[in-house]
Amino acid sequence: MSRIRSSQEWEVRASTLARKTTNPIRQIVEHLQVEPNPEKELIALSIGDPTTFGNLNPPDQLLQAVRESIELHKSRGYAPSKGHYEARVAVAKYSAHQGEVSPEDVILTSGCSHAIEMVITAIADCGQNILIPRPGFSIYQTLSEGFGIKTKYYNLLPNEHWKIDLDDLESQIDDDTVAIVINNPSNPCGSVYDKEHLYEILEIASRNKVPIIADEIYEHFVFAGRQFTPISSISKDVPVLTCSGLTKRFLVPGWRMGWVVIHDRNDVLGKEIRLALSNLSMRILGPSALIQTALPAILECTPQSFFDEVLLFIETQAKLAYKELRVAPGLRPIEPQGAMYMMIEIKMALFPEFKDECQFVESLVAEQSVFCLPGQCFEYPNYMRIVLTVPEDKLREACQRITIFCKEHVIGEKRKEIETNDIVNNVEVICDDITNVL
Ligand SMILES: Cc1ncc(COP(=O)(O)O)c(C=O)c1O
């Protein structure tokens, strides 16, 4: 006789994992009262998707690779859950700047987020913790919380190009710490760490025997004068699990192609962690075979000139936004060194009518129809983040509107100073005009 359930009523409940999985950006943004000014077109400087405005497009070689992949029988079937061998060979070759990489060290994933989820859940259990940057991208928290994996923040230093506060980092490590997440180049900061700083981080990881998860999705997004060093390339003993993918550099976030590269020179992780990653890859049987089949051609045929052009565009945008916003009263933009974002400090004391930066951002939308992400999305109040991939005219217009907004809302003393400066500037312009005429 079959057993009868005690309850005869429908009672379908959400799982703990589902209930505890949250996305702070979505939560904060959904709670904002963002009604744009109907007289001005909305300019969203908030979306980290470089395809949003249609001004940045991948080269035809990339599209052609996928077109050809459609014709292949292979691209319709299941791939091995870690990915097609040829695709992993291509990623290993592409990732050679990270240190020696064999195809066995590569696992293909559905975007970089999936790579991050895979590495976190391969080494962390409920109750253990990972260290993550503040300010930082919220995905690490989103991916961990539901599993009961704790996230502990270490601070970045805004006045030192967002370097890691090393004392703070080390003080956060405890017996339950299983990984340090490093995001370089950084979202939201746009910082790029030099080799010396990476050595300092590795020293702490080595001393405390904590592996590193390197989120390097913005690898190579580095402005002139800076150099990108993958942390794995200089690690002697610390195992590094690098997460990256096509998403940003190839301008195809929707294709959802990412990967994990395992760097473990001293065989610290052993077979166990490789097996763990392999087991976890079976949960979704690997990412899209269509893109996997195209991957070798994508990685080999994309011309360097494409990367150079995109980077030059973003760097020019960074300079433009920095120059424009430096003169906005009450703001302090922090010049980025790479990635595609800029953080801007809002000197809240000069805007006492706003309780916090969320209110500042709300009013900015209501009056000027410019939307920036409040710092709270990155656990960093009193700041806002802008995205640099929007078209030049829109970025310029947005920065000018932000400046007008600041001039209108900054407190009395500061405003008097601005008005005096404006008069002085006007007088100077008139004098210049007269001189020119004479
Ligand atoms: C720092 C960082 N890591 C990971 C991701 C996720 O990348 P993907 O879209 O490939 O999952 C993003 C996306 O914005 C990001 O900014």
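Per residue of the chain, what 222 nm ellipticity follows from adding -39500 (n - 2.57) for every DSSP H run with n ≥ 4, rounded to the nearest 500? Write down the numbers at each step before the final one.
Details: 14 runs with 179 residues, N = 438.
Dividing the helical sum by the residues of the chain leaves -13000 deg cm²/dmol.
Using θ = phi - 60° and the Karplus relation 6.51 cos²θ - 1.76 cosθ + 1.60, list the HN-Hα couplings for region 175-185 in order, rounded to whole Hz, with x at every Gly or Pro.
Running phi through 6.51 cos²θ - 1.76 cosθ + 1.60 with θ = phi - 60° gives 5, 9, 7, 10, 6, 10, 8, 10, 10, 9, x Hz.
By its C-alpha gyration tensor, with a ≥ b ≥ c as the square roots of the eigenvalues, how is the chain shaped: rounded for a/c under 1.5, else prolate for a/b larger than b/c, else oblate? Provide the component values of the computation, followed by the final result.
On the way: a/c = 1.74, a/b = 1.55, b/c = 1.12.
Because a/c hits 1.5 or more and a/b exceeds b/c, the chain counts as prolate.
Tell me, in nm to one decimal, what length is gained between ARG26 and LYS209 on full extension, where the rule is 0.36 nm per residue of separation less the Cα-Cα distance?
Numbers: separation 183, 0.36 × 183 = 65.88 nm, distance 3.49 nm.
So the extension gain works out to 62.4 nm.
Return one whole number: the accessible area per residue of region 60-301 in Å², for a 1.4 Å probe. Before the final figure, lay out the partial values.
On the way: 9560 Å² over 242 residues.
With all protein chains present, region 60-301 gives 40 Å² per residue.
For GLY245, which sequence-distant residues (separation of 5 or more, or a different chain) have an amide H within less than 5 Å of its own amide H, given hydrogens modelled in the peptide plane?
For GLY245, whose amide H was placed from the backbone, the distant partners under 5 Å are TRP259.
Calculate the spin-label point distance for GLU353 paired with ASN55, positioning each point 7 Å from the Cα along the beta-carbon direction, and give it in nanometres.
3.0 nm
Got a number for the accessible area of ARG26? Probe 1.4 Å, square angstrom, nearest 10.
Its accessible surface works out to 150 Å², give or take rounding.
Using the Karplus curve 6.51 cos²θ - 1.76 cosθ + 1.60 with θ = phi - 60°, what ³J(HN,Hα) values do you get for each residue of region 198-215, in whole Hz, with x for Gly and Pro?
Computed from phi, the couplings for region 198-215 are 5, 4, 4, 5, 4, 4, 5, 5, 5, 4, 9, 6, 10, x, 10, 9, 9, 8 Hz.
Could you tally the net charge around ALA115, taking each other residue with its Cβ under 14 Å from the Cβ of ALA115, Lys/Arg +1 and Asp/Glu -1?
Numbers: positive: LYS82, ARG88, LYS248, ARG256, ARG283; negative: ASP105, GLU117, ASP215, GLU216, GLU219.
Every neighbour counted, the sum reads 0.
Using modelled amide H (1.01 Å from N, peptide plane; none on Pro or chain starts), what sits under 5 Å from the amide H of PHE221, excluding residues fewer than 5 places away?
Excluding prolines and chain starts, which carry no amide H, the hits are ALA339.
Rank these by accessible area, largest first, 1.4 Å probe: ASP175, ASP308, ASP49.
On the way: ASP175 155, ASP308 80, ASP49 50 Å².
Ranked from most to least accessible, the order is ASP175, ASP308, ASP49.
If the chain between LYS195 and VAL12 were fully stretched, how many nm would it gain, using 0.36 nm times the residue separation less the Cα-Cα distance?
Working: separation 183, 0.36 × 183 = 65.88 nm, distance 5.23 nm.
Between LYS195 and VAL12, full extension yields 60.6 nm more.
Within 10 Å, at most 13 other Cβ atoms, and a DSSP state outside H, G, I, E, B define an exposed site. Report the longest part of the chain free of exposed GluC sites (Glu not before Pro).
On the way: sites that count: GLU9, GLU11, GLU39, GLU41, GLU100, GLU353.
Maximal segment without exposed cleavage sites: 101-352.
Lys/Arg Cβ at +1, Asp/Glu Cβ at -1, dipole of region 60-301 taken about the Cα centre: which of PHE228, VAL238, THR177 is farthest positive-ward?
Among PHE228, VAL238, THR177, the one farthest towards the positive end of the dipole of region 60-301 is PHE228.
Taking amide H atoms as placed 1.01 Å from N in the peptide plane, list the residues 5 or more away in sequence, or in a different chain, whose amide H sits under 5 Å from that of LYS163.
Residues meeting the criterion, in which the H sits 1.01 Å from N, are LEU157.
Of all DSSP beta bridges located in region 60-301, what percent are antiparallel, nearest 5? Please list the in-between numbers first.
Working: 12 of 29 bridges.
Rounded to the nearest five, the antiparallel share is 40 percent.
With a Förster radius of 51 Å, plug the Cβ-Cβ distance of ILE47 and ILE4 into 1/(1 + (r/R0)^6) and report the FRET value to the nearest 0.05. Walk me through the numbers before you get to the answer.
Details: r = 52 Å, r/R0 = 1.03.
Using R0 = 51 Å, I get an efficiency of 0.45.
For TYR322, what charge total do you get from the other residues with a beta carbon under 11 Å from its beta carbon, if Lys and Arg give +1 and Asp and Glu give -1? Present the calculation step by step, with values, prior to reporting the outcome.
Details: positive: LYS319, LYS323, ARG326, ARG332; negative: GLU315, GLU324, GLU335.
That works out to +1.
Too long at a 19 Å Cα-Cα cut-off: which of LYS20/LYS152; LYS82/LYS152; LYS150/LYS271; LYS82/LYS271; LYS323/LYS407; LYS20/LYS150?
With Cα atoms farther than 19 Å apart: LYS82/LYS152; LYS150/LYS271.
The values are calculated or read from the model by the stated rules, or taken from the named source; none is laboratory data. Since we're looking at a predicted model, the values are computed, not measured. Backbone-built Cβ (ideal geometry, glycine too); neighbour counts: all protein chains shown. Note: areas computed on protein heavy atoms with side chains; ligands, DNA, RNA excluded. Shrake-Rupley method; radii C 1.70, N 1.55, O 1.52, S 1.80 Å.
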